[in-house]
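One structure below.
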Amino acid sequence: MSDCIFCKIAQGEIKSYVVKESSNFIAVLDIHPHTPGHTLVIPKEHFVNLKELKLELAEEFIKIIQEVMVLLGKVFMTTDFTLGINEGPLAGQAVSHLHFHIMPRFKNDHGGSIHSIVYNPPQESLEEIYQKIKNES
Ligand code: AMP
Ligand code: ZN
């Protein structure tokens, strides 16, 4: 897409710090890092979100994520990461081009776990929720 910032990064039209690249993905340093080494893995083709990603790219996607983790782990001397996608605006997705956050984690880095992102427990029981899901699937 012509006005997409991550398409422009993938095409080299905007400067970025490229950590790793594969045929269909590019991994770049996040411009506003939340941790040292905070990296985004971005498909070169424009997919808005994970649901749109072509399944034939899934293995390459996981592979480059793993490779970046190994690389950052060596550079920053850590084995621990927070990994994830803000899927959709309600989840905090600001750039409408799929990207996977890799955030190296450190002792006493003042961060939390994924559980700390939201706390909106359901009013219904687990059984009711489970039945709704089963009825749909
Ligand atoms: P999200 O909220 O998941 O959509 O995150 C978008 C991320 O893209 C944010 O962490 C931004 O700091 C990052 N970002 C925005 N523009 C750039 C850029 N030009 N180069 C690298 N990272 C960027
Ligand atoms: Zn794009």
Quiz prompt | Residue that is surrounded by the fewest Cβ atoms within 10 Å (Cβ to Cβ), among those in the stretch 71-92 that are within 16 Å of ligand 1 (Cβ to nearest atom) and of a type in the set (A, V, I, L, M, F, W, C) | solution = Leu90
Quiz item: Is it the case that Val28 is over 20 Å from Phe6 (Cα atoms), not in a loop (DSSP other than H, G, I, E, B) and not acidic (Asp, Glu)?
Solution: no
Practice problem: Pairs only if they're at least six apart or on different chains, beta carbon under 6 angstrom, first in the stretch 95-109 and on the phi > 0 side of the Ramachandran plot, second more than 8 Å from ligand 2 (Cβ to nearest atom) and open to solvent by less than 30 Å² (accessible area, probe 1.4 Å); list them, first residue then second. | Solution: none
Quiz item: Among the candidates Val95, Val41, Val68, which residue alone is open to solvent by less than 50 Å² (accessible area, probe 1.4 Å), within 26 Å of Ser116 (Cβ to Cβ) and in a helix (DSSP H, G or I)?
Solution: Val68
Quiz prompt | Search result, residues across the stretch 1-20 that are surrounded by fewer than 17 Cβ atoms within 10 Å (Cβ to Cβ) and without any contact (Cβ under 8 Å) to a residue 40 or more places away in the chain | solution = Ser2, Asp3, Lys8, Gln11, Gly12, Glu13, Ile14, Lys15, Tyr17, Val18
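The values are calculated or read from the model by the stated rules, or taken from the named source; none is laboratory data. This structure is a prediction, so every number in the text was calculated from the model and none was measured. In this analysis, Cβ positions are derived from the backbone assuming ideal geometry, glycine residues included, and neighbour counts consider all displayed protein chains. Just the protein is used for accessible areas: all its heavy atoms, side chains included, with ligands, DNA and RNA removed. Shrake-Rupley method; radii C 1.70, N 1.55, O 1.52, S 1.80 Å.
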